[in-house]
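What follows is a short report on a single structure.
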Amino acid sequence: MDKIANILKHTKKAFIGKEEIIAKLLTGIFSGGHILIEDVPGVGKTTLAQAIAKTLGCTFARIQFTPDLMPADVIGISVYEQQTGQFVYRPGPIMHQVILADEINRTSPRTQASLLEAMAEGQVTVDGKTYSLPSPFIVLATQNPVEYEGTYPLPEAQLDRFMLRISLGYPDFEAEKTILKIPADKKELLNLEAVITPQELLEMQKAAATIYMTDSLEDYIVQLTRATREHGDIMLGVSPRGAQHLYRAAKALAYIKQRDYVLPDDIKDIVVPVFAHRLVIRPEALLRGRNAEEILQEILNDTYVPVVPDGKA
């Protein structure tokens, strides 16, 4: 069976819900990005993260972010050993291939910032010494967008580090009926087997990066990016990093769809998860009920879509 189809099949054993959500998550993973999963409690954010880590055969660590969590609890600490008279680095949970940063907005900005170097550079610095993180390295962060009491909203600089922001939504009728029967001990999750190795994941990431994109589609990405900076209801548009993330995500989505070239629909399908969390909407627009998703759809409707043959051009 095809590797991608196998990953989807096994992940769905533990995460009962929408296959398109798993596909979006894989889009971020295959493009080498980090993903923010934002939704109300109880819809399976943590289960999805754990299931995908097991399926990909990666080492996994869950960090429960709380107000008293310190940076050292994430990246590790240097401990003095009397026998040797030297400081020895004791790694934190960050030294795993897939990190679940659970309820990331419940910890202080100082601790949130401890993830920045890891997410951007693939390394951490402790007491002046730099330590490389394992490869692949993927951060899956969750947050609750409804309850704000006692939380520390992520600043724009850190939001920009996430390639995608996805929302799971509630399951449909049949899926929710199936969820009712899942045992509380989550045996399906515990029994999940790896279908690929971390080395195979790295090879799939490299393959996704080689997917062909025409010059006209590259222009299309730049036009969409610049349109967010010029829109009257947007105070802060998408950065060049955001445009680069859309470029990589569109290639990864085409790879998941088993094509070796990108179509305009790939860009249109993934632009909202890549762009929406990077936009800062003007207060007066928010008062009128506007939101990032609606504005992006407006930009998509107003931007010329290049004609690309259904085949490598």
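Annotations
- Helices (runs of 4 or more DSSP H) enclosed by segment 121-197 - at least 2 residues per element that are among the acidic types (Asp, Glu), over 23 Å from residue 62 (Cβ atoms) and at pLDDT below 90: 173-180
- When we screen 129, 54, 45 for residues that are in contact (Cβ under 8 Å) with a residue 40 or more places away in the chain and farther than 26 Å from residue 205 by Cβ, the only hit is 129.
- Any hit, segment 103-112, residues being assigned to a loop (DSSP other than H, G, I, E, B) and either hydroxyl-bearing (Ser, Thr, Tyr) or touching a residue at least 60 places away in the same chain (Cβ under 8 Å) (or both): yes
- Segment 77-88 residues that are among the polar types (S, T, N, Q), paired with ones that are part of a strand (DSSP E or B) (beta carbon under 8 Å, 6 or more apart): 78/87; 78/88; 78/89; 78/90; 78/126; 78/129; 86/80
- Condition check for residue 244: out of contact with any Lys or Arg (no Cβ under 9 Å at 6 or more places or on another chain), in contact (Cβ under 8 Å) with a residue 24 or more places away in the chain and surrounded by fewer than 20 Cβ atoms within 10 Å (Cβ to Cβ): no
- Residue in segment 166-177 that is closer than 19 Å to residue 270 by Cα and surrounded by fewer than 16 Cβ atoms within 10 Å (Cβ to Cβ) present: yes
- Between 89, 80, the distinction of being outside the structural domain of residue 35 (by TED's automatic domain parsing), more than 25 Å from residue 197 (Cα to Cα), crowded, with 16+ Cβ neighbours inside 10 Å and among the aromatic types (Phe, Trp, Tyr) belongs to 89 only.
- Filter result (in contact with a strand residue (DSSP E or B) (Cβ under 7 Å, 6 or more places away or on another chain), outside any strand (DSSP E or B), farther than 18 Å from residue 199 by Cα and small (Gly, Ala, Ser)) within segment 28-77: 49
Here's the yes/no breakdown for (1) touching a Pro at 6+ places or on another chain (Cβ under 6 Å); (2) of a type in the set (A, V, I, L, M); (3) free of Cβ contacts under 8 Å to residues at least 12 places away in the same chain; (4) not assigned by TED's automatic domain parsing to the domain that holds residue 156:
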{"position": "222", "(1), (2), (3), (4)": "no, yes, no, yes"}
{"position": "236", "(1), (2), (3), (4)": "no, yes, no, yes"}
{"position": "261", "(1), (2), (3), (4)": "no, no, no, yes"}
{"position": "265", "(1), (2), (3), (4)": "no, no, yes, yes"}
{"position": "282", "(1), (2), (3), (4)": "no, no, no, yes"}
{"position": "289", "(1), (2), (3), (4)": "no, no, yes, yes"}
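- Applying the condition of being over 21 Å from residue 29 (Cβ atoms) and in a loop (DSSP other than H, G, I, E, B) to segment 84-102 and asking which residue is modelled with the highest pLDDT yields 92.
- Only one of 261, 255 that is within 20 Å of residue 24 (Cα to Cα), surrounded by fewer than 20 Cβ atoms within 10 Å (Cβ to Cβ), of a type outside the set (A, V, I, L, M) and under 23 Å from the mean Cα position of the chain (by Cα): 261
The values are calculated or read from the model by the stated rules, or taken from the named source; none is laboratory data. Bear in mind that the values here come from a model prediction, so they are computed numbers and not experimental data. Using ideal geometry, Cβ is built from the backbone for each residue, glycine included, and neighbour counts are taken over all protein chains shown.
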